[in-house]
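The values are calculated or read from the model by the stated rules, or taken from the named source; none is laboratory data. All figures in this text were calculated on a predicted structure; none of them were measured in a lab. Neighbour counts run over all protein chains shown; Cβ positions are idealised from the backbone, glycine included. To get the accessible areas, we keep the full protein, side chains included, count just its heavy atoms, and leave off ligands, DNA and RNA. Shrake-Rupley method; radii C 1.70, N 1.55, O 1.52, S 1.80 Å.
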Amino acid sequence: MVAVLGTGTMGEAMARNIAAAGLGVRAWNRNRARAEPLAGAGATVCDTPAEACRGADVVLTALANERVVAEVMDQARDGLGGHPVWVQTCTVSPDGGRRLAEQATRLNVPYVEAPLLGTKEPAAAGTLTVLAASPQQDARERVRPVLEAVGSRTVWLDEVGQPSSLKLAYNAWVLTTVEGIAESLTLAGTLGVDPHLVIDVIDGSGLDSPYVQSKGPRMLDDDLDTPSFPLEAAEKDAGLITDTARAAGLHLGIAEVVRERLDRAADDGLGRADVAATYRVSRQVAT
């Protein structure tokens, strides 16, 4: 039995794939209505985190940030008597990952730090990449069926904190790519060239990528209302990236600019739009 705490975009998709793999699912979400559709996939929808965790072999958290994760796991305390393995998938700082591991020790449950590479579409397809580490070696085998249900690849690292470090490095590249596309399209349009041609000449080149071919057209079509990676989540990650870098004595120039652009977009009310909405800010800056 797997308890899934948090059934937003990522949590719902993972819960469906876990259920489809033949593993029992008990689901909880702060807004119960967001979890109700999972009943049709065979999941039991619960009213509290503790109820969802009772009898579970694995507890998977897919929540907004470190603070929320910590609060929800404290609320789940009374349901953790069977000592299920806690799989924590939220993107947090390396220190945040270690703090949550310490909380797991206090809760007397094994802990797997497991941030995810991928957005809405790979989550739905069960093709996420999982970055994982655990202080308990036997936890790896206990969570293997769950990780195989939600992802196509699991990369095991040596220590808690390392998966979060690698996730932040990966997301620094993701956000750099998004901002790079936005600025290239803005530059072309400002110079009197059809921005669609930028996407066209990149297509099939050594610098092409599915992300370019996905986000570029969405920017130009202003197709932002159905996010695969919400801008508010990207803004949070950009803050984690730059704050963690600063704490390590680094000043990441590109990441700092991306954070500024995402903060501005969120202030403009675009937090729930796709991260491609940074293109709107690039055009504003250009003018």
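Within region 199-215, can one find any residue that is in contact with a Leu (Cβ under 7 Å, 6 or more places away or on another chain) and modelled with pLDDT of 95 or more?
No.
Determine whether region 160-176 contains at least one residue that is in contact with a helix residue (DSSP H, G or I) (Cβ under 8 Å, 6 or more places away or on another chain), open to solvent by less than 50 Å² (accessible area, probe 1.4 Å) and among the charged types (D, E, K, R).
No: zero hits.
Select from region 226-258 the residues that are farther than 16 Å from Ser93 by Cα and outside any loop (DSSP other than H, G, I, E, B) and write down the one among them that is nearest to the chain's Cα centre (by Cα).
Pro230
Any idea which of Ala20, Ala39, Ala52, Ala15 is more than 30 Å from Ala248 (Cβ to Cβ), touching a Cys at 6+ places or on another chain (Cβ under 7 Å) and among the small types (Gly, Ala, Ser)?
When all the criteria are applied, what remains is Ala52.
Within region 103-111, is there a residue that is within 19 Å of the chain's Cα centre (by Cα) and in contact (Cβ under 8 Å) with a residue 60 or more places away in the chain?
No: region 103-111 contains no residue that is within 19 Å of the chain's Cα centre (by Cα) and in contact (Cβ under 8 Å) with a residue 60 or more places away in the chain.
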